[in-house]
Amino acid sequence: MIARKRASYTDTSVDARGLGVSRSGAVPGLLPMPIHPAIPILTTARLRLRDWRDSDLPAFARLNADPQVMVFMPKILSREESDASIGRIREHFDRHGFGLWAVEVINGAEFIGFTGLSIPRFTASFTPCVEVGWRLATEHWGRGYATEAAGACLGFGFSQLGLPEIVSFTTVANLRSRRVMERLGMTRDPADDFEHPSLPAGHPLRPHLLYRAASRQT
Ligand SMILES: CC(C)(COP(=O)(O)OP(=O)(O)OC[C@H]1O[C@@H](n2cnc3c(N)ncnc32)[C@H](O)[C@@H]1OP(=O)(O)O)[C@@H](O)C(=O)NCCC(=O)NCCS
């Protein structure tokens, strides 16, 4: 079973992971955010971004144990670590009304990975912020799925959440991920390059690049 601890919106005054969440569910500095009792479903031409199911766990664990998928992550994940990460993803949805959606192909594969919006837990010059991110199984690379799903997430973040900006970041060598950011129209300023604080000094994945997308309404 996916571990899921329901967050209480009525007793939350500050989100320790970054953005503050008021008792009404509003994020300071952003438009008032309604409380979401259920995970919203986003649909694109080919994809459905949906809530996680217990049946996703084995496929997600396979993806997280694939060295090719995880080459730019600090490590591959065990089955237990993979299952636990879904629990954290669902807590993020409960708390904020958005998160990393499970992605399925309409009339196709029931689960290909995740794409979504999340609030980074570390502190950097650009935090607090909302990040768009993705991780797909290798057999679904090269079809434009990540860009298509992430485009829907940006649209949701700007139009439904009223976010003024959404960022994305990756280690320098992750060219596939950088290409997704560029295809989305996100822009990079070298002045925003940063050392990821969760990785130790000298770690080869530590140097990161930041890409930004701004709401067209701002
Ligand atoms: C990052 C990642 C999601 C990118 O996947 P991807 O398939 O390269 O990216 P997209 O889904 O946007 O697909 C784009 C590719 O599909 C091709 N494509 C095929 N059909 C397409 C279509 N209908 N529309 C758009 N692109 C299409 C594009 O030409 C492009 O190929 P290219 O990069 O060889 O030129 C994937 O490599 C991944 O999951 N990596 C591991 C996890 C990871 O690193 N996450 C990011 C951490 S910061």
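Residues in the range 34-73 that are aliphatic (A, V, I, L, M), within 13 Å of the ligand (Cβ to nearest atom), part of a loop (DSSP other than H, G, I, E, B) and over 30 Å from His203 (Cα atoms): 1 in all.
Taken over the range 131-163, residues that are farther than 27 Å from Pro67 by Cα and assigned to a loop (DSSP other than H, G, I, E, B) amount to 3. Taken over the range 155-169, the criterion of being free of Cβ contacts under 8 Å to residues at least 12 places away in the same chain and under 25 Å from Phe194 (Cβ atoms) is satisfied by no residue.
Can you confirm whether the range 132-154 contains a residue that is more than 19 Å from Phe60 (Cβ to Cβ), away from the ligand (no atom under 13 Å from the Cβ) and touching a residue at least 60 places away in the same chain (Cβ under 8 Å)? The answer is no, given that none of the residues of the range 132-154 is more than 19 Å from Phe60 (Cβ to Cβ), away from the ligand (no atom under 13 Å from the Cβ) and touching a residue at least 60 places away in the same chain (Cβ under 8 Å). Of the residues making up the range 117-128, none is assigned to a helix (DSSP H, G or I) and within 22 Å of Asp56 (Cβ to Cβ).
Contact map, the range 50-79: first residue in contact (Cβ under 8 Å) with a residue 24 or more places away in the chain, second residue away from the ligand (no atom under 13 Å from the Cβ) and acidic (Asp, Glu), Cβ cut-off under 7 Å, separation 6 or more or different chains; pairs are Arg50/Glu104; Leu57/Asp83. Applying the criterion of being free of Cβ contacts under 8 Å to residues at least 40 places away in the same chain and part of a loop (DSSP other than H, G, I, E, B) to the residues of the range 204-218, the residue that is surrounded by the most Cβ atoms within 10 Å (Cβ to Cβ) is Arg206. Residues that are more than 7 Å from the ligand (Cβ to nearest atom), at negative phi and either in contact with a His (Cβ under 6 Å, 6 or more places away or on another chain) or small (Gly, Ala, Ser) (or both) within the range 172-186 comprise just one, Ala173. Is it the case that the range 74-96 has a residue that's within 14 Å of the ligand (Cβ to nearest atom), surrounded by fewer than 17 Cβ atoms within 10 Å (Cβ to Cβ) and part of a helix (DSSP H, G or I)? So far as the range 74-96 goes, yes, one or more of its residues are within 14 Å of the ligand (Cβ to nearest atom), surrounded by fewer than 17 Cβ atoms within 10 Å (Cβ to Cβ) and part of a helix (DSSP H, G or I).
Every read-out reported here was derived from the displayed coordinates using simple, explicitly stated rules and does not represent laboratory data. Worth saying up front: this structure is predicted, and the values here are computed from it rather than measured. A quick note on method: Cβ atoms are made from the backbone with ideal geometry, for glycine too, and the neighbour counts reach across all protein chains shown.
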